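In what follows, a single structure is set out as structure tokens and then discussed.
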Amino acid sequence: MRVGRLTKPHGLKGGLKVELFTDNPELRFVPGAVFHLQVPADSPWLGRTITMRELRWFNESPVGFFTEVPDRTAAESIVRAILWIDEQAVEAGEEEDAWYHHQLVGLDVVRAADEPGGEPVKLGVVAEVQHLPAQDLLVVTSADGPVLVPFVTAIVPSVDIAAGLVHVTPPPGLFDASEAESDGTDAPQRDDSDAPQRNETDETTA
């Protein structure tokens with residue numbers, strides 16, 4: 001699972017500004033935490049790991065210090081690396097609501113039954129997960145084409161990996177434009193491109 005990206009050097013002692021991809025930095029970025037690196041094939045850091053010494057905050061921005069990055073020269077060589085944690089940590093339940101991309105892709109997206117006691121209504125299948133600066137998005141293949149679903153609790157209250165289901169409470173018009181029209185609101189735009197983009201890589205929410 002991706003938990004962060006190293007964006008730029010900070011100072012002369014190997015500090016690196018970190019873009020966080022986790023809601024629990026106090027759990028992930030602790031002294032001794034080991035991160036696997038996603039870097040270009042020609043990077044000297046390919047196949048290596050780095051170990052956190054400390055995470056500090058400067059002007060509300062997180063800055064990481066790592067054992068293997070002793071100075072600014074080393075920091076400049078590792079900029080833009082994406083940080084990954086071991087999948088076993090997620091499976092052990094150390095972080096709530098954290099999944100790998102491959103765990104989400106292929107799951108059925110359903111909403112509650114129209115009538116009490118009825119079967120959930122299938123809306124589509126997760127085709128991709130995209131990481132954007134504001135939030136993650138599920139790209140759902142529906143009968144009418146791709147739909148971008150914000151991966152937030154208000155819209156995706158639960159994911160059941162074992163059952164193969166993503167439960168959603170979509171606002172009017174997200175999956176059915178006629179719902180928005182009858183509700184007097186504008187329907188959210190769909191992504192009509194043949195090939196959506198996406199974040200990890202096999203990157204989850206972790």
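The values are calculated or read from the model by the stated rules, or taken from the named source; none is laboratory data. Model, not experiment: these values are computed from the prediction. Note: ideal-geometry Cβ built from the backbone for every residue, glycine included; neighbour counts use all protein chains shown. Heads up: the accessible areas ignore ligands, DNA and RNA and are worked out on the full protein's heavy atoms, side chains in. Shrake-Rupley method; radii C 1.70, N 1.55, O 1.52, S 1.80 Å.
Scattering from the C-alpha atoms of segment 119-171 alone, worked out with Debye: what is log10 I(q)/I(0) at q = 0.17 1/Å?
With one equal scatterer per Cα and no solvent, log10 I(q)/I(0) is -0.51.
Would you mind computing, in nm to one decimal, how far apart the modelled labels at Ala154 and Glu68 are, each placed 7 Å from Cα along Cα→Cβ?
Modelled inter-label distance: 4.0 nm.
Working with all protein chains in place, sort Ile82, Ile50 by solvent-accessible area computed with a 1.4 Å probe, largest first. Before the final figure, lay out the partial values.
Details: Ile82 25, Ile50 0 Å².
Descending accessible area places them as Ile82, Ile50.
In percent, what relative contact order does segment 1-69 have, based on Cα pairs under 8 Å that are 6 or more apart in sequence?
Details: 116 pairs, mean separation 20.2, N = 69.
About 29 percent, as a whole number.
State, to one decimal in nm, how far the label point of Ala113 lies from the label point of Leu20, with both points 7 Å from Cα in the Cβ direction.
4.1
Provide the convex hull volume over Cα atoms per residue for segment 1-65, in Å³. Intermediate values should be presented prior to the final figure.
Values: hull volume 6.1 nm³, N = 65.
Normalising the Cα hull of segment 1-65 by residue number yields 94 Å³.
Would you mind getting me the FRET efficiency between Ser61 and Ala163? Use the beta-carbon distance for r and R0 = 41 Å, nearest 0.05.
Computed FRET efficiency for Ser61 and Ala163 comes out at 0.55.
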